[in-house]
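Asks: Below you will find the structure I want to go over with you.
The values are calculated or read from the model by the stated rules, or taken from the named source; none is laboratory data. Predicted, not measured: the structure shown is a model, and the values here were computed from it. Cβ placement follows ideal geometry from the backbone for every residue including glycine, while neighbour counts extend to all protein chains displayed. SASA here: full protein model, heavy atoms, side chains in, ligands and nucleic acids out. Shrake-Rupley method; radii C 1.70, N 1.55, O 1.52, S 1.80 Å.
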Amino acid sequence: KGYQVVGAELSEIAIQQLFEELDAKPEVSELGALKHYHAEGIDMFVGDIFDVTAEVLGPVDAIYDRAALVALPPETRVKYSKHLQATTNRAKQLVICFQYDQSLMSGPPFSIANEEIKQHYDVDYELTHVETCDVEGGFKGSIPAVEAVWLLT
């Protein structure tokens, strides 16, 4: 739809599979600690998200966090949310979290309560809880879970 999409991922295999699914032949280069995959309309960085800087990203209009925050242990989430805000100049975000009884599964994905979203983002964003919906089948087929969707502007 004409957007330039930029992403970061630890797994190079996942990035290679993405470009295969897109039927795109990326240019691959080294960029410091990161590996950069580029094709028309998409740039993907393989490596640690904390190695992705504002200079590497350039201007960011919006963030779609589908599986990043929930993949991180609690002690890393504060660092991650601050890093994301700093590297994107507090771009608006759509954040999708899972909520479930954490005593039934250790994660990842981790359960993130609405209160935690507020702790990470309430100071710098206006938070809108968009919706909560059941995860079909739950986790591991038996653990009831919901997705909570937040818009941060």
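Asks: Give me the pairs: first residue in the stretch 137-152 and on the phi > 0 side of the Ramachandran plot, second residue hydrophobic (A, V, I, L, M, F, W, C), beta-carbon distance under 7 Å, and six or more apart or on different chains, which are they?
Replies: G138/A145; K140/M105
Asks: Pick from the stretch 44-63 the residues that are farther than 15 Å from K92 by Cα and of a type in the set (D, E): which of them is surrounded by the most Cβ atoms within 10 Å (Cβ to Cβ)?
Replies: Out of the qualifying residues, it is D51.
Asks: Among the residues of the stretch 32-50, count how many are under 26 Å from V78 (Cα atoms) and either of a type in the set (A, V, I, L, M, F, W, C) or touching a residue at least 60 places away in the same chain (Cβ under 8 Å) (or both).
Replies: Residues flagged as under 26 Å from V78 (Cα atoms) and either of a type in the set (A, V, I, L, M, F, W, C) or touching a residue at least 60 places away in the same chain (Cβ under 8 Å) (or both) within the stretch 32-50 amount to 7.
Asks: Moving on to the next point. Please go through the stretch 42-77 and give me each residue that is farther than 20 Å from T153 by Cβ and of a type in the set (D, E, K, R), ordered by number.
Replies: D43, D48, D51, E55, E75, R77
Asks: Could you please let me know if Y80 is without any contact (Cβ under 8 Å) to a residue 60 or more places away in the chain and outside any helix (DSSP H, G or I)? Before you say what the answer is, go through the steps one by one.
Replies: Values: without any contact (Cβ under 8 Å) to a residue 60 or more places away in the chain: yes; outside any helix (DSSP H, G or I): no.
When the stated conditions are applied, Y80 does not pass them.
Asks: If you scan the stretch 9-37, which residues turn out to be of a type in the set (G, A, S) and open to solvent by 70 Å² or more (accessible area, probe 1.4 Å)?
Replies: G32, A33 - these are the residues of the stretch 9-37 that are of a type in the set (G, A, S) and open to solvent by 70 Å² or more (accessible area, probe 1.4 Å).
Yes/no matrix, rows are residues, columns are (1) in contact with a Pro (Cβ under 9 Å, 6 or more places away or on another chain); (2) outside the structural domain of C97 (by the TED database); (3) in a strand (DSSP E or B); (4) under 24 Å from F110 (Cβ atoms):
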site: G2; (1), (2), (3), (4): no, yes, no, no
site: V6; (1), (2), (3), (4): no, yes, yes, no
site: E20; (1), (2), (3), (4): no, yes, no, no
site: D23; (1), (2), (3), (4): no, yes, no, no
site: S29; (1), (2), (3), (4): no, yes, yes, no
site: K35; (1), (2), (3), (4): no, yes, yes, no
site: F45; (1), (2), (3), (4): no, yes, yes, yes
site: Y64; (1), (2), (3), (4): no, no, yes, yes
site: V70; (1), (2), (3), (4): yes, no, no, yes
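Asks: For the stretch 95-144, enumerate the residues that are in a helix (DSSP H, G or I) and β-branched (V, I, T).
Replies: I117, the sole residue that qualifies.
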